[in-house]
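In what follows, a structure is listed as structure tokens, so that the remarks can point back to it.
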Amino acid sequence: MTAVMGEPSQAGYFGSFGGRFVPEALVPACMELEAAFSAAWADAGFHAELDLLLGSYGGRPTPVTECRRLSERLGIRVLLKREDLAHTGSHKLNNVVGQALLARRMGKQRLIAETGAGQHGVATATAAALFGMGCVVFMGGLDMERQALNVFRMELLGAEVRPVEVGSRTLKDAVNEALREWVATVDSTHYCLGSVMGPHPYPWMVRELQRVVGDEARAQCRELLGGSDPDWVVACVGGGSNAAGTFAGFAGSGAALVGVEAAGGAALSHGAPGVVHGMYSYLLQDEVGQISEAHSISAGLDYPGVGPEHAHLAASGRARYDFATDEEVLAAFRMLAETEGIIPALEPAHALAWVVRNAGTTIPEGACVLVTLSGRGDKDVAQVRDILRGPAGQLGDGQAGQLGEVRSVRPAEQEPAPRAEQER
Amino acid sequence: MSSPVSQVGTSHDLASVLRERRDLGRKLLVAYLTGGMVPGWVEMAHALAAGGADAIEVGLPFSDPMIDGPVIQRASLLALGRGATPAGLLEEIAQARIEVPVAVMTYYNLVFRAGHERMAGAMAAAGVTGAIVPDLPLEESAPWRAAAAAAGVSAVLLVAPVTPEERAAEICRQSRGFVYAAGLMGVTGEREVLASSAQVVGSRLGRLTDLPVCVGIGVSTPEQARSVTSGADGVVVGSAFVRMIIDGATPEEIERVSADFRSAIDEADDGADDGAGGQEIGEAGGAGSAPYGDG
Ligand SMILES: Cc1ncc(COP(=O)(O)O)c(C=O)c1O
């Protein structure tokens, strides 16, 4: 088998997607990062240090959980790769610990990051605290309202959260602002990008740092399944890092790979090829090439692009991509909570929603499906409560008092369904 | 230094006009504004030319201008909010008959989406003779450079302060029209103090190329422009004009400020080690010939 999910070309292309579309000021930094990562990734000492941290600090390996009641309900066998149990509550830490170690090797003392839902920002702030580095996280103003708890979390961890108030005030604007900051501070600062996107080497580097998810899961599945692989491997796709890390472990297996985007951010289903944020990939855009804003219930999937390797996996047919609607996602979110006692993040609830929709049809009865549960749902509970029950104002006195402080920095909570309020 | 602009022919080709003027000893002023940012933006372009700009750089606004600071971001959103499109702006440029060469600055996705040949052809048809695409670095730019060259459009490339010497030389070899030297590591926008990198980049690149070298990003005042052009062939000034236009400046005011930049760079001393050719030719002309006064 040729190298499915192998290294990109020297210019950073996966098939025809990827590349390095950045201002000249960032080209030397990207080259330096590429060289540093290549060297580190070939260095057993680097791996040993990373593995030690991911284990003793990050909580790896995360388990694979057999979902008995959900499986019974769906008529298929569902396994979950439990990234929700990793430190900080999502897969994001895998990438960030690796990049922070690399930054230290490169002599950079400061991390900057973009964040949408706040999970990558929290992970970056965590790594910065762990390594004693400075940390600035760029976050769209709208996302800061929707994910106020994560803003506070980052601040507790010592990071500065800088609101981005231009454009759609969401993830894509935060990426622009982080790139702008990087241009001005590239000497001292590492840009800790949070997904398999951006200019080469990021899509490759982040996938490699996330492949621990897929590599672990494959071994764990083989143990559970008596040496065989699951028939289906399903993950949600925002930029695509948890999916890329998962798929990397199964690319050489017979499993069908499925990436699930948000219906309102489905770059691969509704987009067209183009260039933004340093990469050539599929993007939501208008007919002249202005980038569109994504809209979904989950801030973490509100991204108008997708990592270039996913564009390539789609083009080559090795993986297929679909999307899930907000309604399906909420139903799947509740179903997992009720049947398994696990509250998922809204992002991986997209992957679950796809499985629920296709169980017994596209996924034949009795088939085995591995879903990467990329994060836990704590961050989304308030939002889901508001959607299901109306605004927090309905709560009794005691509870309202308890929530009062949080609410004061969360104006969006006044809105019953903040996501639907966004303007185009 | 003088501005013997009257000796220059009436060509509207960016490359030849800038080279001729540079060779005559004139320091170059490239003035940027965002196309479509206000209803009267074309008047503003005329005013910039009348004030003494040697070329006008028109930004085709993009939704995600990642190398632009707050002022040009704002102008881009204003323009997009007014419905500006690349085709519509090129049409306006075609009809504007601006007195000096016009270059376009835009982001690569707008070029890619239109198609290299189509975009280059549309630019040429509008009389645009230069194009700056700042998110398209050397390695990715060959197909666009070929399409632009075939259409008679000079694809201007950028050099950054951190660009290593050999790479800078290669960028200079592949650039057309002029070499855009980023004066500092950062996004477009005004700075109170001129970066030290802006002072040296002109003479550094002057040793690598005989194309005109214009320094942009962070050149905000006539005084800074004068300082930069003691080592460089010219300056690109954008945010200072764009901010004034956003704030409601009249064309007359814009022309005056353009003339202020003009007379400031006319007075620039050539740096001792400025190797770019031709300064001696331009000793003719006496006192600054900026015809519009300095307001
Ligand atoms: C839990 C979780 N899953 C998935 C994502 C989407 O990112 P990616 O597609 O890179 O995995 C996010 C992003 O915030 C997230 O928080």
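The values are calculated or read from the model by the stated rules, or taken from the named source; none is laboratory data. Note that the structure is predicted; figures quoted are calculated from it, not measured. Because the Cβ atoms are built from the backbone with ideal geometry, glycine has one as well, and the counts that use them run over all protein chains shown. For the accessible areas, the whole protein counts, side chains as well, though only heavy atoms, and no ligand, DNA or RNA atoms are used. Shrake-Rupley method; radii C 1.70, N 1.55, O 1.52, S 1.80 Å.
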(request) Measure off 7 Å from each Cα along the Cα-to-Cβ vector at residue A:337 and residue A:188, then give the distance between these two points in nanometres to one decimal. (result) 4.5 nm
(request) In debye, nearest 20, what is the charge dipole magnitude of the protein assembly as shown about its Cα centre with +1 on Lys and Arg Cβ and -1 on Asp and Glu Cβ, if you could check? (result) 1580 debye
(message) Taking the square root of 5 times each eigenvalue of the Cα gyration tensor, what semi-axes in Å does the equivalent ellipsoid of the stretch A:272-331 have, largest first?
(response) 21, 17, 9
(request) Normalise the Debye intensity by I(0) for the protein assembly as shown, one equal point scatterer per Cα, no solvent, then take log10 at q = 0.05, 0.06, 0.10 Å⁻¹ and round to two decimals. (result) -0.26, -0.38, -0.93
(message) Leaving out ligands and nucleic acids, and using a 1.4 Å probe, what accessible area per residue does the stretch B:72-187 come to in Å²?
(response) 35 Å²
(request) Return the long-range amide H neighbours of residue B:105 (sequence gap of 5 or more, or a different chain), with a cut-off of under 5 Å between placed amide H atoms. (result) B:58, B:59, B:60, B:132
(request) Against the globular-protein guess of 2.2 N^0.38 Å, express the Cα radius of gyration of chain A as a ratio, rounded to two decimals. (result) 0.91
(request) Please give the calculated 222 nm ellipticity per residue for chain A, where each DSSP H segment of at least 4 residues contributes -39500 (n - 2.57) and the sum is spread over every residue; nearest 500 deg cm²/dmol? (result) -13500 deg cm²/dmol
(message) If you average the alpha carbon positions of the stretch A:155-210 and of the stretch B:8-67, how far apart do those two centres end up, in angstrom?
(response) 33 Å
(message) Which residues among the stretch B:219-255 fall inside the zone where the amide N is under 18 Å from a point 7 Å beyond the Cα of residue B:82, along Cα→Cβ?
(response) B:238-255
(request) Net charge near residue B:71: determine it from the other residues with C-beta under 11 Å of the C-beta of residue B:71, scoring Lys and Arg +1 and Asp and Glu -1. (result) -1
(request) Over all alpha-carbon pairs in chain B, figure out the percentage whose distance exceeds 37 Å. (result) 5 percent
(message) I want the local charge near residue A:11. Using Cβ-Cβ distances under 11 Å, sum +1 for each Lys or Arg and -1 for each Asp or Glu among the other residues.
(response) -2
(request) For the stretch A:238-372, count all C-alpha to C-alpha pairs, find those more than 20 Å apart, and express that count as a whole percent of the total. (result) 46 percent
(message) Considering only protein heavy atoms and a probe of 1.4 Å, how much of the accessible area of the protein assembly as shown is carbon and sulfur, as a whole percent?
(response) 52 percent
(request) Can you list which of the trypsin sites (Lys or Arg not before Pro) found in the stretch A:243-336 are DSSP loop residues with at most 15 other C-beta atoms within 10 Å? (result) A:318
(request) Between the chain alone and the structure with every protein chain in place, find the residues of the stretch A:260-304 that drop at least 40 Å² of accessible area; heavy atoms, 1.4 Å probe. (result) A:275, A:288, A:290
(request) Would you mind listing how long the stretch B:87-202 runs along its three principal axes, going by Cα atoms, in whole Å with the largest first? (result) 40, 31, 23
(message) Taking the Cα centre as origin and putting +1 on Lys and Arg beta-carbons and -1 on Asp and Glu beta-carbons, what dipole magnitude results for the stretch A:32-126, to the nearest 20 debye?
(response) 360 debye
(message) Residues of the stretch A:3-34 losing 10 Å² or more of accessible surface, assembly versus chain alone, probe 1.4 Å, please list them.
(response) A:13, A:20, A:21, A:22, A:23, A:24, A:25, A:27, A:28, A:31
(request) Between beta-carbons, use under 11 Å as the cut-off and find the net charge around residue B:128, counting Lys and Arg +1, Asp and Glu -1. (result) -2
(request) Using a 10 angstrom cutoff on alpha carbons, build the Gaussian network for chain B and name the most mobile of B:95, B:73, B:199. (result) B:95
(request) Just the Kirkwood number for the stretch B:139-233, please: inverse of mean 1/r across all distinct Cα pairs, in Å, one decimal. (result) 13.6 Å
(request) Determine the relative contact order of chain A: mean sequence separation of Cα pairs under 8 Å and six or more apart, normalised by residue count, in whole percent. (result) 19 percent
(message) If you average 1/r across every pair of different Cα atoms in the stretch A:107-238 and take the reciprocal, what Kirkwood value do you get, in Å?
(response) 16.0 Å
(message) Taking loop as defined by DSSP and a crowding limit of 12 other beta carbons within 10 Å, which GluC sites (Glu not before Pro) in the stretch A:221-298 fit?
(response) A:287
(message) Please compute the Kirkwood hydrodynamic radius over the stretch A:99-173, one decimal place, Å, based on all pairs of different Cα atoms.
(response) 12.1 Å
(request) Mark the label point 7 Å from the Cα of residue A:318 along Cα→Cβ and return the residues of the stretch A:256-289 whose backbone N is within less than 12 Å of it. (result) A:257
(message) Once R0 is set to 25 Å, what does the formula 1/(1 + (r/R0)^6) return for the Cβ-Cβ distance between residue B:118 and residue A:31, expressed as a FRET efficiency to the nearest 0.05?
(response) 0.20
(message) Could you tell me how far the Cα centroid of the stretch A:282-330 sits from the Cα centroid of the stretch B:232-251, in Å?
(response) 38 Å
(request) Could you check the simple spin-label distance between residue A:68 and residue A:56, using points 7 Å along Cα→Cβ, in nm with one decimal? (result) 3.6 nm
(request) With runs of 4+ DSSP H residues as the only contributors, calculate the mean residue ellipticity of chain B at 222 nm using -39,500 (n - 2.57) per run, divided by the residue total and rounded to the nearest 500. (result) -12000 deg cm²/dmol
(request) Classify the stretch A:23-156 as rounded, prolate or oblate from the Cα gyration tensor: take a ≥ b ≥ c as the square roots of its eigenvalues, call it rounded if a/c is under 1.5, otherwise prolate when a/b beats b/c and oblate if not. (result) oblate
(message) Could you compute how much accessible area chains B and A hide from each other, both sides summed, with a 1.4 Å probe? Nearest 100 Å² is fine.
(response) 2700 Å²
(request) With an 8 Å cut-off on Cα pairs and a minimum separation of 6 or more residues, tell me the relative contact order of chain B in percent. (result) 26 percent
(message) Less than 13 Å apart at the alpha-carbon level, and either on another chain or at least 8 residues along: which aspartates and glutamates does that give for residue A:81?
(response) A:66, A:215, A:216
(request) Against the globular-protein guess of 2.2 N^0.38 Å, express the Cα radius of gyration of the stretch B:121-165 as a ratio, rounded to two decimals. (result) 1.25
(message) With Kirkwood's inverse mean 1/r over C-alpha pairs for Rh, give me the Rg to Rh ratio of the stretch A:315-387, two decimals please.
(response) 1.00
(message) How much length would be gained if the chain were fully extended between residue A:11 and residue A:156, taking 0.36 nm per residue of separation minus their Cα-Cα distance, in nm to one decimal?
(response) 48.2 nm
(request) May I ask for the distance between the Cα centers of the stretch B:192-218 and the stretch A:51-82, given as a whole number of Å? (result) 57 Å
(request) State to the nearest 20 debye the size of the charge dipole of chain B about its Cα centre, where the only charges are +1 on K and R beta carbons and -1 on D and E beta carbons. (result) 620 debye
(message) If I histogram all Cα-Cα distances within the stretch B:1-122 using bins 5 Å wide from 0, what percent of pairs lands in each bin?
(response) 2, 11, 20, 22, 18, 14, 8, 4, 1
